[in-house]
1. Report the extension gain between LEU37 and ILE237 in nm, rounded to one decimal, defined as 0.36 nm multiplied by the number of residues separating them, less their alpha carbon distance.
2. What is the pair-distance distribution P(r) of the chain, computed from all Cα-Cα distances in 10 Å bins starting at 0, with each bin given as a whole percent?
3. Spin-label point model (7 Å from Cα, Cβ direction): what's the PHE8 to GLU111 distance in nm?
4. Quick one: which of 215-227, 252-264, 236-248 comes out on top by average Cβ neighbours within 10 Å, and what's the full order, highest first?
5. Can you sort LEU92, LEU353, LEU119 so the residue with the fewest Cβ neighbours within 10 Å comes first?
6. At LEU55 and HIS443, where each label point lies 7 Å from the Cα along Cα→Cβ, what is the point-to-point distance in nanometres?
7. Quick one: order TYR122, TYR165, TYR305 by neighbouring beta-carbon count within 10 Å, fewest to most.
8. List, in the order given, every pair from LYS17/LYS285; LYS124/LYS176; LYS267/LYS299 whose Cα-Cα distance in the structure shown is over 22 Å.
Amino acid sequence: MLSDLSLFNRLVDELIKLEKTNPVVSPIAPSELLETLDIELREEPQMEEDFSESLRQIVEATPRTASSMFFNQLFGGRQGKAVLGDLLAVVLNSSMYTYKVAGPQVGIEREIIAKLNDLVGYPKNAAGTIAPGGSMSNLMAMIMARDMVDPLAASQGMSHSLTVYTSAESHYSIQKNAAFIGIGRQNVRYVPAMADGTMNVKELREMIAKDVLDGHSPMMINATAGTTVLGAFDPIIELAEIAAEYAIWLHVDGAYCGSVIFSDEKKHLVEGLNQADSFSLNAHKMLMTPLTCSLILTKHKDQLYTSFANDADYLYQTDEDDFNLGKTSLQCGRRNDALKFWTLWKSVGTSGLRSLVDHQFELADFARNYVRNNPDYTDFSIDDSLSICFNYKGYTAKSICTQLYEQSEMMVGFGQFREEEFIRLVTINANNSIEDIEHFFSHLENFCDENPALLEEVKTKVNAN
Ligand SMILES: *Cc1c(COP(=O)(O)O)cnc(C)c1O
């Protein structure tokens, strides 16, 4: 074990140096992977030296998500204290289902949930748990919503048609989960978004009224706090009114930007959040905790137990339910995703997490202004978002992003809203500075200006008339 840890230290040392000197790896074609790297498993053990060399090469060839040039998804960078917590969680290898097995780690998870519930403005008896990702947090919310509206569904199966309302811009997990929980993909109603990317509340009202007339039972409105592409915030106060009127569960999917609850300046974006029945956020996105760390909070502790507790005499043999976290989990054995978030939070304080969030918005404001004040760019961004959406000169977003990746220059992705496709720069790595964002743009410009032949031009739209 100790020699494994010293190998680990060596590998990480090298990696951290490489992240600086060589922030983007050369991609390996999937078809060439097994020829390029020693991935193959064999009958015979591998000699120690060959083993470390194989591992070193694999580490070196893995995309560097913590580098200053990684803008591809809604996570990036690295927080040392969070990594420390995660490494310890691996070594301790607790399973979070019972107090008997996890001891103080249970207290750590409970403390995180209590503090988050405070920040949301939920009552003292609010509850919550950690799910394996934002999609699964949404799943848990949908299960609670279903069981509230149709209490017999869990024991007898579905007896009638339940409907879910979510923005056309919301995350795809809503539809996937609708299939999982037996309400059916077709019963997800996609409410169109307005020009600013937020849900059209008037159309939502009409859709619900029509469904009620047609004999459906609306069960959940899913509001998004930070839509995956634009980063838009659905209007929670208005949605809460409708939810109350029809007795529908209101969930706020804050996987991407729910962490604005930490910022005095930005928490107005989720105004009314305490009226939602449940709320989820991914600490592995804005709070830079290693994947995955997704929290689902609810003010209906009883519903959380009703939907997720199952008796298991072989498991729950000591202590009270409040400390046997398995009673509110999706899983049975559950990895400790709390410690890494706690080590970060403990070390930087709530004020440190606030600075992190505020800095992400500063970087976003800088990037947005840069795009808006530069005639070579077309801007598609909304204000108050960490997603800066734009096109450069006449090139397609797809060709720029693909070429930057293939030439191992930068990792950035593209997205779509309405008919437009654009590059989406995400300023979620709070380790980046304004200079890193300037560098992003100058790098992109130089690359495009020097390699026009690699890029595709946007075809000008031909008017059908
Ligand atoms: C990322 C994201 C999710 C999914 O979270 P995972 O942890 O990737 O499963 C859900 N909703 C929104 C709005 C997201 O941005």
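Every number here is computed from the coordinates shown, using simple stated rules; none is lab data. Here the structure is a predicted model, which is why all the values come from computation and not from measurement. All Cβ positions, glycine included, derive from the backbone under ideal geometry; neighbour counts span all protein chains shown.
1. Difference between extended and current length: 66.7 nm.
2. 4, 18, 26, 26, 18, 7, 1, 0
3. 2.2 nm
4. 252-264, 215-227, 236-248
5. With the sparsest Cβ surroundings first, the list reads LEU92, LEU119, LEU353.
6. About 2.9 nm, to one decimal.
7. Neighbour counts put them in this order, fewest first: TYR305, TYR122, TYR165.
8. LYS17/LYS285; LYS124/LYS176
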